[in-house]
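Enquirer: Can you keep this structure in mind? I'll have questions shortly.
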Amino acid sequence: MIKISPSLLSADFAHLEQEIKRITNAGADFLHWDVMDGNFVPNLTFGPMLIAAARPFTPLLFDVHLMIREPIRYAEPFIKAGADMVSVHMEACENVTETLAVFRKAGVKTALAIKPKTDPARLVPYLSLLDMVLVMTVEPGFGGQQLLPDTIKNIAAVRQLIDKSGRSILLEVDGGIRPENAKDVISAGANVLVAGSAIFKQDDYGAAIRALRDNEMTA
Ligand code: DX5
Ligand code: ZN
């Protein structure tokens, strides 16, 4: 079953409460929060205070994508804010095992994210510590970009690694996902689709979510 994790990066922040309630009623599975530090990526967004403020608006799983350098420094505030699952970037952590352990100890699910040029084989030593792998299908930093076709082979490579491990690890893809390419990423092995502009720039969020999910049947 494909899960859809709408990225609030493309939502209307002036009406965040309404946006979150609308997307919850539209059938989203998770809610994706893109945290950017202006250092690991060339953009700044928001931190744990905003996530904590939004926590009462929905029962959806908070899927928090930390695009920040050394996320271990901010583990505690994100745990307290109500993150259910946290993705940290392999490229941003000095000590990946230790970083994942801090979140896991607090009962938060963990994911490792890789940028388009990072070798998926680098994930292997950490698979036993993961609930999910996040494969970036654009260079992280901005919503509304085009999926990089070269990243499809990264999805397929991660799918193989997960299957070989015999573990039940989700495989999330993020960046430029839209109905026209959803089938390709699902066929390559993804089972969680992040989408920002493909959902929040549409009038009917429910229809936008269904248009992504429907590709499951034909992939
Ligand atoms: C990019 C973010 C993505 C992005 C997705 O750095 O991690 O979550 O906002 O947005 P779209 O779907 O518009 O590419
Ligand atoms: Zn993201």
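Each reported figure results from applying straightforward, stated rules to the coordinates on display, with no laboratory input. Source: prediction; values computed, not measured. We place every Cβ from the backbone using ideal geometry, glycine too, and count neighbours over all the protein chains shown.
Enquirer: Looking only at strands (runs of 3 or more DSSP E) that fall completely inside segment 58-177, which ones have 2 or more residues that are of a type outside the set (Lys, Arg), within 16 Å of ligand 2 (Cβ to nearest atom) and surrounded by fewer than 15 Cβ atoms within 10 Å (Cβ to Cβ)?
Expert: No strands (runs of 3 or more DSSP E) qualify here.
Enquirer: Inspect all residues belonging to segment 129-143 and state whether any of them is more than 14 Å from ligand 1 (Cβ to nearest atom) and more than 15 Å from the chain's Cα centre (by Cα).
Expert: Yes: one or more hits.
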